[in-house]
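Just below is one structure, and these are the notes that go with it.
The values are calculated or read from the model by the stated rules, or taken from the named source; none is laboratory data. Values in this document were obtained by computation on a predicted structure and should not be read as measured data. When we count neighbours, we look across all protein chains shown, and the Cβ atoms used for this are built from the backbone with ideal geometry, even at glycine.
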There are 6 protein chains.
Amino acid sequence: MTPLSHFDAKGQAHMVDVGGKSVTDRVAVAEGWVLMTPATLALAAGGAAKGDVLGTARLAGIMAAKRTADLIPLCHPLPLSKVAIELIPDAARGGVRIEATVATSGRTGVEMEALTAVSVAALTVYDMLKAAEKSMRIEGIRLLRKEGGKSGTFEAAP
Amino acid sequence: MTPLSHFDAKGQAHMVDVGGKSVTDRVAVAEGWVLMTPATLALAAGGAAKGDVLGTARLAGIMAAKRTADLIPLCHPLPLSKVAIELIPDAARGGVRIEATVATSGRTGVEMEALTAVSVAALTVYDMLKAAEKSMRIEGIRLLRKEGGKSGTFEAAP
Amino acid sequence: MTPLSHFDAKGQAHMVDVGGKSVTDRVAVAEGWVLMTPATLALAAGGAAKGDVLGTARLAGIMAAKRTADLIPLCHPLPLSKVAIELIPDAARGGVRIEATVATSGRTGVEMEALTAVSVAALTVYDMLKAAEKSMRIEGIRLLRKEGGKSGTFEAAP
Amino acid sequence: MTPLSHFDAKGQAHMVDVGGKSVTDRVAVAEGWVLMTPATLALAAGGAAKGDVLGTARLAGIMAAKRTADLIPLCHPLPLSKVAIELIPDAARGGVRIEATVATSGRTGVEMEALTAVSVAALTVYDMLKAAEKSMRIEGIRLLRKEGGKSGTFEAAP
Amino acid sequence: MTPLSHFDAKGQAHMVDVGGKSVTDRVAVAEGWVLMTPATLALAAGGAAKGDVLGTARLAGIMAAKRTADLIPLCHPLPLSKVAIELIPDAARGGVRIEATVATSGRTGVEMEALTAVSVAALTVYDMLKAAEKSMRIEGIRLLRKEGGKSGTFEAAP
Amino acid sequence: MTPLSHFDAKGQAHMVDVGGKSVTDRVAVAEGWVLMTPATLALAAGGAAKGDVLGTARLAGIMAAKRTADLIPLCHPLPLSKVAIELIPDAARGGVRIEATVATSGRTGVEMEALTAVSVAALTVYDMLKAAEKSMRIEGIRLLRKEGGKSGTFEAAP
């Protein structure tokens, strides 16, 4: 038997029954990076006057969070109550840091929604800047924190 | 003026006119990783009998490639002619390596389709295994190669 | 600081947190017009025997209401409990009047759903009739009434 | 018999056969307005520092253009080659003017894509500003020009 | 007057108001068949080593269940709490039997979600095997059982 | 090795490369039935005055044909040039016969689009009539004919 809840006893994928879980407030925070050269980072950080790379990526990430259950086969559809995304140029690390916070009141968590928001925001940063640099890399996408639900709070190691 | 083709001379986002570009065969290959503990990797590699994590992620990635223009705001919709995704457990690196190949015959490239396929496949690997380990990380998503179009061939550094 | 709830204190777009709002019954009614020549209006009003322009637009509007959160970047996804659309040929005004009523039980209102239903129904009326007249205009799309939620009832001026 | 191409001889809706039409370059330009009070218009025009209403609406309109065939029942799916949207605050008229230009190389025109882009951009302007004013109105959505295809060029009356 | 709830008193389609219905646990089970030759059935049953026809169809059906309200014009959007699909090769009947179980806690039933899951799983079985046999048939799609809601339990005749 | 083109040599699902196939005109015709009691069939056939069951199903089927590549995992996205659906009440057989014709000019066929159109039209007939009869069955969905492409013409046995 598998410990993975997305499979039944026969190893067949299913969207697991969450009908018996209680409705609680749930929050998830995820982060990720798009690494690039200083010249490309300057374009990313240029702001709205020169083309709003980070604002475009923020909207793409927010809209993607709402479509998570359409993209991830076994995710439950959830009525999200909040999606917020920060994109911060970080010259020291050499890239843009992305952090997404998603909240709902429901029977299952929003980890995948937060991770999807970060991923699509990162892809959009890449798309907006790829005319300048094709060798950018998307790195370090991970769950930072989740709260709510039976499994309680998860906090990533620093 | 910005060198970024997704903005016009005033810095406003637009879906750039590719009507004057010629229709050529285009291919893009992208890769990425989902890093995890050896115990989680054993679950991922367990195969169909115990729950087909990698097969599920492969399908999710293929379907996501087809929806790239829906997710990335300034991407052109393209009739893809091929999408193939490899997911290979790699004990040495400690994770699953994902490689996506996308082809089209069109006026613009399929880099974003390949990167989106890798990203959503990686998110699905995370989703399928998160009951076992929440601290997995998605790393190293990048374009490996592209061919076709005016800018010619791009090959990533090794 | 902006009085607009869709932006945070830094002016960044976000899907605002409605988790603290109470679940109440909410209704919104919106209207709009597609103006056209009398000859085109006769085609629109011809009814099912000659091609059901208004019935097609009604269905398109209902289906669009369900996709509002997919179209409007910062809208919250909501499980709608009712969508009804009236399309009435009005010879005096010279066009088709569209009125949409949407209801839900949720944490945020359905104004955008009602306005989206009217807009897509109007676009479909245009599409169905454009072989006869390309100079039709969509006019007067506005919120007529909303009920429910903290801001209470809004009633448009006549 | 109906002169409307979206219906067959029996008056039944169908997606008309365009297989015999030739592939030509096609362009469509549409416009529309969101009318509001001067105070609201000042918020709309405030720019990115205070919350980028017009940039958000531009992206929403571009993304909606790509989904036109999903929204309008009898529209043919088309691989768009260009989508550009201008949103210009106009104090004289008391609102935001929206103009969308869409191009393709295909067997059918892109009038509906341009009108859909304007409509969804207008709805997004409304959504972003509705906390300040619920009585805004969307007005004057119409086709300004189309080029290409058998029916040739259409130019709206001034 | 029509006894069909999807139409109003004038015979116009609407998404009927379920706001007054109580939220109850609801389950629906549907079944269907894809009939084929023994040689094709052997390919279907071959399992993951030779190409996982049934696993692919299972995922397609699960994802389609989540999109039911997007496909069926007057269906209410619902946050599903469970979707499970069995696909069983049946040599005696000469085909693959598909059974889908869908659950929610909501104001309206999930019969259409279960039937849509079966239908799209069946279409996917056809698609995966059509290189071997184009004359397969999809048969016997029906509701087996529903529970919950005012109309209570329905049980199909054997 | 599998004879199924949707799997590679290792049995892994992929969207097969059609880049080398020539662009030809392609047509597919599919049919299916929704069987019901005579009383339900009378409601279905009642026409627009009493609620247009068949017109609603026709539109749902047309819209679904355009979304086939979104629903069927390994289908190629295709720009359809025609979709037409007939729904004919047949008292002798005791149900509604559905026939869909889909055409494109492309590198791969439209069998799945025709079968999907029939399936979703049938599901919509069920949905519209289920308040009157839950024991309806969807039967006999099959490909009637396809033309174009390397494999040439297929004609179903009568």
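Assess whether F:G109 counts as being within 11 Å of chain E (Cβ to nearest Cβ), part of a helix (DSSP H, G or I) and either of a type in the set (D, E) or buried (at least 21 other Cβ atoms within 10 Å of the Cβ) (or both). Show your work before the answer.
Numbers: within 11 Å of chain E (Cβ to nearest Cβ): yes; part of a helix (DSSP H, G or I): no; either of a type in the set (D, E) or buried (at least 21 other Cβ atoms within 10 Å of the Cβ) (or both): yes.
Considered against the rule, which asks whether it is within 11 Å of chain E (Cβ to nearest Cβ), part of a helix (DSSP H, G or I) and either of a type in the set (D, E) or buried (at least 21 other Cβ atoms within 10 Å of the Cβ) (or both), F:G109 comes out as no.
Scan region D:58-71 for residues that are at the interface with chain C (Cβ under 9 Å from one of its Cβ atoms) and more than 19 Å from C:A60 (Cβ to Cβ) and jot them down. Give the steps one after another, and end with the answer.
Going residue by residue through region D:58-71, those that are at the interface with chain C (Cβ under 9 Å from one of its Cβ atoms) are D:59-60, D:63-64, D:67-68, D:70-71.
Of everything in region D:58-71, just one residue is at the interface with chain C (Cβ under 9 Å from one of its Cβ atoms) and more than 19 Å from C:A60 (Cβ to Cβ), namely D:L59.
Among the candidates C:E147, C:E133, single out the residue that is out of contact with any helix residue (DSSP H, G or I) (no Cβ under 9 Å at 6 or more places or on another chain) and surrounded by fewer than 24 Cβ atoms within 10 Å (Cβ to Cβ).
The unique qualifying residue is C:E147.
Check D:A65 against each of (1) crowded, with 23+ Cβ neighbours inside 10 Å; (2) farther than 22 Å from C:L115 by Cβ; (3) at pLDDT 95 or above and name the one condition it does not meet.
In the conditions (1) crowded, with 23+ Cβ neighbours inside 10 Å; (2) farther than 22 Å from C:L115 by Cβ; (3) at pLDDT 95 or above, D:A65 misses (2) alone.
In region A:76-106, how many residues are among the basic types (K, R), in a strand (DSSP E or B) and closer than 30 Å to A:E133 by Cα? Break it down stepwise before answering.
Residues of region A:76-106 among the basic types (K, R): A:82, A:93, A:97.
Pick out the ones that are also in a strand (DSSP E or B) and you get A:82, A:97.
From what is left, the residues that are closer than 30 Å to A:E133 by Cα are A:97.
Going through region A:76-106 one residue at a time, the tally reaches 1.
A:A132 versus (1) more than 10 Å from chain B (Cβ to nearest Cβ); (2) assigned to a loop (DSSP other than H, G, I, E, B): which is the lone unmet condition?
With (1) more than 10 Å from chain B (Cβ to nearest Cβ); (2) assigned to a loop (DSSP other than H, G, I, E, B) applied to A:A132, the lone miss is (1).
Suppose we filter E:L54, E:L41 for residues that are more than 8 Å from chain F (Cβ to nearest Cβ), more than 16 Å from the chain's Cα centre (by Cα) and assigned to a helix (DSSP H, G or I); which single one remains?
On the way: E:L54 fails: more than 16 Å from the chain's Cα centre (by Cα).
Step by step, each of E:L54, E:L41 is checked, and only E:L41 is more than 8 Å from chain F (Cβ to nearest Cβ), more than 16 Å from the chain's Cα centre (by Cα) and assigned to a helix (DSSP H, G or I).
Condition first: modelled with pLDDT under 90 and facing chain D (nearest Cβ under 10 Å). Now tell me which residues in region C:10-29 satisfy that.
If the condition is that a residue be modelled with pLDDT under 90 and facing chain D (nearest Cβ under 10 Å), then C:K10, C:G11 are the ones that fit.
Return the only residue of F:L74, F:L4 being facing chain E (nearest Cβ under 7 Å), closer than 19 Å to E:L59 by Cβ and touching a His at 6+ places or on another chain (Cβ under 8 Å).
On the way: F:L4 fails: touching a His at 6+ places or on another chain (Cβ under 8 Å).
Only one candidate passes the filter, namely F:L74.
Go through (1) within 11 Å of chain D (Cβ to nearest Cβ); (2) surrounded by fewer than 24 Cβ atoms within 10 Å (Cβ to Cβ); (3) β-branched (V, I, T) and name the single condition C:T101 misses.
(1)
Residue by residue through region E:34-54, note down the ones that are out of contact with any Pro (no Cβ under 7 Å at 6 or more places or on another chain), crowded, with 22+ Cβ neighbours inside 10 Å and without any contact (Cβ under 8 Å) to a residue 60 or more places away in the chain.
Within region E:34-54, E:D52 is the sole residue that qualifies.
What residue, among those in region D:79-96 that are out of contact with any helix residue (DSSP H, G or I) (no Cβ under 7 Å at 6 or more places or on another chain) and within 30 Å of C:T56 (Cβ to Cβ), is modelled with the lowest pLDDT?
Ranking the qualifying residues of region D:79-96, first place goes to D:P79.
Given the condition among the acidic types (D, E) and facing another protein chain (nearest Cβ under 7 Å), answer yes or no: does some residue in region E:78-91 qualify? First the steps, then the outcome.
Within region E:78-91, the subset among the acidic types (D, E) is E:86, E:90.
Okay, now just the ones that are also facing another protein chain (nearest Cβ under 7 Å), so none.
There is no residue in region E:78-91 that is among the acidic types (D, E) and facing another protein chain (nearest Cβ under 7 Å).
When region C:1-38 is examined, which residues are found to be in a loop (DSSP other than H, G, I, E, B) and under 30 Å from D:F7 (Cβ atoms)?
So in region C:1-38, the residues in a loop (DSSP other than H, G, I, E, B) come out as C:1-6, C:8-12, C:14, C:16-23, C:36-37.
C:M36, C:T37 - these are the residues of region C:1-38 that are in a loop (DSSP other than H, G, I, E, B) and under 30 Å from D:F7 (Cβ atoms).
Contact list please: Cβ distance under 8 Å, first residue in region A:112-127 and facing chain B (nearest Cβ under 10 Å) and closer than 14 Å to B:Y126 by Cα, second residue part of a helix (DSSP H, G or I) and of a type in the set (S, T, N, Q), pairs at least six apart or on different chains.
Matching pairs, first to second residue: A:M112/A:T68; A:T116/A:T68; A:S119/B:S119.
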